[in-house]
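Shown next, in structure tokens, is the structure this report addresses.
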Ligand code: G1P
């Protein structure tokens, strides 16, 4: 089986739910504790053995490129001041992986953003990690998907159950459970109305896909929200080949919404050995101060 060496991180979304914070800064650069969200995602890809990453950016996303670039001036300054730890941290970011960029010229949807990666990917299997979905887990989510792909082959998509009231926010799968947590996908619907949802199993933003998906994206027309949907192309792929949904172990945060970002920040800060106790004290104090409702 061909090894997965390349990943695509779509990061072209406008971040409208986080305005004004995202007026001049991409949502993927919002910090969660001490790192921008996209660094967590690049780290997840690297932990899964990915060597080359294509970040699909758009207007106003320059800060992402600067973050993963070398900063010679900053390095020199830290060196002069003897700040060795900081220097190492900064250098490590620019040496993490081979990161490439392409701009999606129009916001035509996730399917179109992935389509922009077709030349970079060529004829090999690849991973997709959404730039605004952070997963806190013992084993990185992409590692979980790749491990399962080695056994079952085909396309493997990360899923998790969501509340019925939330199915309209996600791509939802209809599948047959082959073994606990592994579903063979029959159908997929992007952002269904609750009464149309085939299940409550939502696509969470991590995918391992074969290059054949580009054939379906090539002929894709606008779907939900008038955008070219990756889910629609995957639904077509599922008709002709094996597509699996794997329940990912871990907590998923949508950092594109204010509450999702806050929740990620609190959860990651509490889990941080250096900050956890301090954060817990702050939270208790704040809760005491603010009468509960
Ligand atoms: C995208 C996908 C959707 C998936 C979701 C996960 O939607 O289209 O299938 O469930 O990410 O966050 P978006 O959140 O970009 O609207």
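Throughout, read-outs are computed from the coordinates displayed, never taken from laboratory work. Quick caveat: nothing in here was measured; it's all calculated off a predicted structure. Cβ: placed from backbone, ideal geometry, glycine included. Neighbour counts: every protein chain shown.
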Original post:
Which ones in region 191-218 are buried (at least 22 other Cβ atoms within 10 Å of the Cβ) and within 14 Å of the ligand (Cβ to nearest atom)?
Top reply: 201, 202, 203, 204, 205, 206, 207, 209, 213, 217
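From 125, 107, which residue is touching a residue at least 60 places away in the same chain (Cβ under 8 Å), crowded, with 22+ Cβ neighbours inside 10 Å, closer than 23 Å to residue 211 by Cα and over 17 Å from the mean Cα position of the chain (by Cα)?
Step by step, each of 125, 107 is checked, and only 125 is touching a residue at least 60 places away in the same chain (Cβ under 8 Å), crowded, with 22+ Cβ neighbours inside 10 Å, closer than 23 Å to residue 211 by Cα and over 17 Å from the mean Cα position of the chain (by Cα).
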**OP:** Can you confirm whether region 134-157 contains a residue that is near the ligand (Cβ under 10 Å from one of its atoms), within 17 Å of the chain's Cα centre (by Cα), buried (at least 21 other Cβ atoms within 10 Å of the Cβ) and closer than 14 Å to residue 208 by Cβ?
**Re:** yes
**OP:** State whether the residues of region 167-188 include one that is more than 29 Å from residue 42 (Cβ to Cβ), in contact (Cβ under 8 Å) with a residue 12 or more places away in the chain, in a helix (DSSP H, G or I) and away from the ligand (no atom under 14 Å from the Cβ).
**Re:** no
Original post:
Scanning for something touching a strand residue (DSSP E or B) at 6+ places or on another chain (Cβ under 8 Å) and over 17 Å from residue 32 (Cβ atoms), does region 270-280 turn up at least one residue?
Top reply: no
Subject >> Residues (closer than 17 Å to residue 121 by Cα and in a helix (DSSP H, G or I)) located in region 202-233 >> reply: 213, 214, 215, 216, 217, 218, 230, 233
**OP:** Given the conditions (1) buried (at least 19 other Cβ atoms within 10 Å of the Cβ); (2) within 16 Å of the ligand (Cβ to nearest atom), report the number of the one that residue 50 does not fulfil.
**Re:** (2)
